[in-house]
Amino acid sequence: MKLYITAGSPYARIARIVILEKGLAQRVEIILAPTRMTDSPYYKINPSGRVPFLVCDNGIALEESALICAYMDHIDGQPIFDWRADADWPVRRLEALARSFMDGLAVWSRELGRPANERSPTTLAHEAQRSVRMADLWESEINHSAMHGPLNFAQITLACALGMDARNANFKWRLGHPKLCAWFDAFAKRASFVATAAPPRA
Ligand SMILES: N[C@@H](CCC(=O)N[C@@H](CS)C(=O)NCC(=O)O)C(=O)O
């Protein structure tokens, strides 16, 4: 299988963590995709131009980190991240909250990636304020048992969202959030998280 990524994509990071946690590193080739440019050769592989993008051995190609992760989780017939329908609504709620956090941070990050004179001050301010509200919310959610039990997508997604501070100096989520800091610092020791760290923004 081939997984197309960019080094800084938090969505691709989720998929890369799942590969490592599932011991699939030998089966998945990681390929850096040139995104957000005119006429990238990558558009011939994935017309949407987005990452992560998984090309499976049977030729089927998948977009969307959640779908890619579910596919990889099932590939050995022993899923470890599967939901148990009735019992797992709380985890799915938390995962959605973490993804919502990440989605806002990704918009902020995309805006920062534009030339300074093309950035929208309105968007920058809106996403900065959203990130403060979401960090406050997570400070009150982080003691939920699902965030401390066996690894799940809520934990991985939240850690990848918080880790986006490495490329955005204005995302100062640690301030006033001691419980979130303690949770993240413990999670950040995982080998799969360390191995997938994004390089600082160029
Ligand atoms: N909902 C998608 C989001 C993927 C996404 O937004 N990826 C960004 C990188 S973080 C991307 O590929 N951007 C390139 C582009 O927009 O052309 C997922 O979960 O996989």
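The values are calculated or read from the model by the stated rules, or taken from the named source; none is laboratory data. What you are looking at is a predicted structure, and each value in this text was computed from that prediction instead of being measured. Virtual Cβ from ideal backbone geometry, glycine too; neighbours counted across all protein chains shown.
Restricting to the stretch 190-202, what's the tally of residues that are of a type in the set (A, V, I, L, M) and in contact (Cβ under 8 Å) with a residue 12 or more places away in the chain? Summing the residues that are of a type in the set (A, V, I, L, M) and in contact (Cβ under 8 Å) with a residue 12 or more places away in the chain in the stretch 190-202 gives 4.
Within the stretch 23-37, can you find the residues that are at negative phi and at pLDDT 95 or above?
First pass over the stretch 23-37, keeping only residues at negative phi: 24-35, 37.
Those that are at negative phi and at pLDDT 95 or above: LEU24, ALA25, GLN26, ARG27, VAL28, GLU29, ILE30, ILE31, LEU32, ALA33, PRO34, THR35.
Name the residue, out of LEU105, LEU97, LEU151, LEU124, that is in a helix (DSSP H, G or I), touching a residue at least 12 places away in the same chain (Cβ under 8 Å), more than 16 Å from the ligand (Cβ to nearest atom) and not aromatic (Phe, Trp, Tyr).
Numbers: LEU105 fails: more than 16 Å from the ligand (Cβ to nearest atom); LEU97 fails: more than 16 Å from the ligand (Cβ to nearest atom); LEU151 fails: in a helix (DSSP H, G or I).
Checking each option against the conditions leaves just LEU124.
Selection of the stretch 108-121 for residues being in a helix (DSSP H, G or I) and over 11 Å from MET164 (Cβ atoms) yields ARG110, GLU111, ALA116, ASN117, GLU118, PRO121. For the stretch 39-84, filtered to residues that are modelled with pLDDT of 95 or more and of a type in the set (S, T, N, Q), the residue that is nearest to the ligand (Cβ to nearest atom) is SER65. Number of residues in the stretch 24-71 that are more than 13 Å from THR6 (Cα to Cα) and of a type in the set (Lys, Arg) equals 2.
Among residues belonging to the stretch 76-94 that are aliphatic (A, V, I, L, M) and part of a loop (DSSP other than H, G, I, E, B), point out the one that is surrounded by the most Cβ atoms within 10 Å (Cβ to Cβ). Walk me through how you get there before you give the answer.
Step one: of the stretch 76-94, the residues aliphatic (A, V, I, L, M) are 80, 85, 87, 91, 94.
Going one step further and asking which of them are part of a loop (DSSP other than H, G, I, E, B), we end up with 80, 85, 87.
Details: ILE80: 12, ALA85: 8, ALA87: 8.
Ranking the qualifying residues of the stretch 76-94, first place goes to ILE80.
Any residue that is closer than 21 Å to GLN155 by Cβ and out of contact with any helix residue (DSSP H, G or I) (no Cβ under 6 Å at 6 or more places or on another chain) - is there at least one of those in the stretch 49-63? So that I can check it myself, show each step before the final result.
If we filter the stretch 49-63 for residues that are closer than 21 Å to GLN155 by Cβ, which is where we start, we get 52.
Restricting the remaining residues to those that are out of contact with any helix residue (DSSP H, G or I) (no Cβ under 6 Å at 6 or more places or on another chain) gives none.
Checked against the condition, which is being closer than 21 Å to GLN155 by Cβ and out of contact with any helix residue (DSSP H, G or I) (no Cβ under 6 Å at 6 or more places or on another chain), the stretch 49-63 yields no hits at all.
Residues in the stretch 173-201 that are out of contact with any Leu (no Cβ under 8 Å at 6 or more places or on another chain) and surrounded by fewer than 12 Cβ atoms within 10 Å (Cβ to Cβ): LEU175, PRO178, ALA182, ASP185, ALA186, LYS189, VAL194, PRO199, PRO200. Taken over the stretch 154-189, residues that are under 17 Å from the mean Cα position of the chain (by Cα), free of Cβ contacts under 8 Å to residues at least 60 places away in the same chain and not in a helix (DSSP H, G or I) amount to 3. For the stretch 1-26, the candidate set comprises residues that are more than 24 Å from ALA202 (Cβ to Cβ) and in contact (Cβ under 8 Å) with a residue 40 or more places away in the chain; within that set, the residue that is nearest to the ligand (Cβ to nearest atom) is VAL18. ARG36: touching a residue at least 60 places away in the same chain (Cβ under 8 Å), farther than 21 Å from GLY23 by Cα and outside the structural domain of ARG167 (by TED's automatic domain parsing), yes or no? Criteria met by ARG36.
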